[in-house]
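> I have a structure here, written as structure tokens, and I will follow up with some questions on it.
Bear in mind that the values in this text are calculations on the coordinates, not laboratory data. Treat the numbers as computed from the prediction; the structure is a model and nothing was measured. When we count neighbours, we look across all protein chains shown, and the Cβ atoms used for this are built from the backbone with ideal geometry, even at glycine.
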Amino acid sequence: MTVAVAPRRLVRGLRSRPFAAIGFTLLAGYLLLGLLGPLFVADPLATNQGSTMQAPSAVHWFGTDMYGRDVFARAVYAARLDVVLGLVISVSAMVVGSAIGVIAGFFGGVVDEIVMRVVDIVLSFPGFILAMILVVAMGESIPKVAAAVAISFVPQFVRITRASVLSERELEYVDGARLAGNGRWRTAFRHVWPNSMRPALVQLTLVSGFSILNIAGLAFLGVGIRPPAAEWGVMVSEGAANTLTGQWWTALFPGAMIVGVVMALHFIGDEFDRSQP
């Protein structure tokens with residue numbers, strides 16, 4: 001009976017939050033596209049000099065680029081790379097940032113002061129600029145790009161989790177956990193951390209969208225993921241010049257893919273942010 005009720009509650013919840021329903025639907029579509037799409041499309045790196053710059057058609061749904069590569073195939077492969085990277089980056093930043101936030105908020109004192117001053121210094125840099133600096137310093141492989149972007153978002157989770165922990169640590173269940181024999185570290189991470197995560201989980205969806213934007217933005221500027229990789233930012237960068245000569249499809253479709261997934265994630269995040277007490 002409980003199993004049957006849960007889907008009904010989910011459906012009712014989505015009906016009361018139409019933008020969240022749209023966001024979940026779009027995100028599910030992108031995930032399916034990224035997971036299954038590569039099985040049904042052409043090689044994204046295959047060139048064909050006989051079919052360069054062809055407009056969208058029944059054969060090439062998104063047209064072809066200057067090398068004769070199928071834009072739709074490249075956009076599909078890019079969905080797997082960009083969406084997965086965005087989610088991995090946001091989850092990594094949330095785990096690391098919220099753990100640091102728990103330490104700062106629960107233990108307070110000198111630890112809190114040091115952590116928050118470091119966070120303030122990092123936040124004084126715009127996130128995109130910080131990510132660009134880190135990519136240049138660390139290198140331009142995909143794991144290093146992911147690490148650089150994740151680091152730029154860690155301070156957001158530190159601050160939001162710390163604020164939640166400052167309230168949670170004053171509640172009675174924390175005293176009960178200590179009286180039950182739990183040490184300070186166990187109390188902080190076994191009891192306080194899980195109860196302080198709701199704001200971070202809402203922030204997670206927003207950060208996922210911004211992570212995808214930052215990855216694409218770095219690639220557009222030639223920092224991070226580079227051609228001939230099938231990545232939305234790379235595709236927009238390569239196709240931007242073509243719009244001046246009328247070949248709009250090479251930049252429009254990958255750009256629209258970025259807009260769609262970021263919009264979906266922000267719809268989800270905004271709706272659940274409003275539902276917080």
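> Suppose we filter region 33-71 for residues that are more than 16 Å from Met257 (Cα to Cα), buried (at least 17 other Cβ atoms within 10 Å of the Cβ) and in contact with a Gly (Cβ under 8 Å, 6 or more places away or on another chain); how many remain?
Adding up the residues that qualify gives 2.
Conditions (1) touching a Phe, Trp or Tyr at 6+ places or on another chain (Cβ under 7 Å); (2) of a type in the set (S, T, N, Q); (3) closer than 27 Å to Arg190 by Cβ, marked per residue:
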{"position": "Leu81", "(1), (2), (3)": "no, no, no"}
{"position": "Met94", "(1), (2), (3)": "yes, no, yes"}
{"position": "Ala99", "(1), (2), (3)": "no, no, yes"}
{"position": "Val110", "(1), (2), (3)": "no, no, yes"}
{"position": "Ile121", "(1), (2), (3)": "no, no, no"}
{"position": "Ile129", "(1), (2), (3)": "no, no, no"}
{"position": "Ile142", "(1), (2), (3)": "no, no, no"}
{"position": "Pro155", "(1), (2), (3)": "no, no, yes"}
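> Another question, then. Mind listing just one residue for me: the one in region 229-263 that is among the small types (Gly, Ala, Ser) and under 16 Å from Arg80 (Cβ atoms) and, of those, surrounded by the most Cβ atoms within 10 Å (Cβ to Cβ)?
Gly233
> Being surrounded by 15 or more Cβ atoms within 10 Å (Cβ to Cβ), within 18 Å of the chain's Cα centre (by Cα) and touching a residue at least 40 places away in the same chain (Cβ under 8 Å) is the filter here; which residues of region 133-146 pass it?
Within region 133-146, Val135, Val145, Ala146 qualify.
> Next question. Could you check region 99-117 and list, in sequence order, the residues that are out of contact with any helix residue (DSSP H, G or I) (no Cβ under 8 Å at 6 or more places or on another chain) and either in a loop (DSSP other than H, G, I, E, B) or at negative phi (or both)? Before you say what the answer is, go through the steps one by one.
So in region 99-117, the residues out of contact with any helix residue (DSSP H, G or I) (no Cβ under 8 Å at 6 or more places or on another chain) come out as 108-110, 113-114, 117.
Matches in region 99-117: Gly108, Val110, Glu113, Ile114, Arg117.
> Among the residues that make up region 54-73, is at least one of them of a type outside the set (A, V, I, L, M) and either assigned to a helix (DSSP H, G or I) or under 28 Å from Leu206 (Cβ atoms) (or both)?
Taking region 54-73 and keeping what is of a type outside the set (A, V, I, L, M), we get 54, 56-57, 60-65, 67-70, 72.
Still in the running and either assigned to a helix (DSSP H, G or I) or under 28 Å from Leu206 (Cβ atoms) (or both): 72.
Within region 54-73, one or more residues are of a type outside the set (A, V, I, L, M) and either assigned to a helix (DSSP H, G or I) or under 28 Å from Leu206 (Cβ atoms) (or both).
> Between residues in region 167-184 that are surrounded by 10 or more Cβ atoms within 10 Å (Cβ to Cβ) and residues that are in a loop (DSSP other than H, G, I, E, B) and not aromatic (Phe, Trp, Tyr), which pairs lie under 6 Å by C-beta distance while being six or more apart or on different chains?
Every condition considered, the pairs that remain are Glu168/Ser196.
> If you don't mind, another one. Quick one: Gly224 ticks every box in (1) of a type outside the set (A, V, I, L, M); (2) in a helix (DSSP H, G or I); (3) within 27 Å of Gly139 (Cα to Cα); (4) within 19 Å of the chain's Cα centre (by Cα) bar one, so which box is it?
For Gly224, the failing item is (2).
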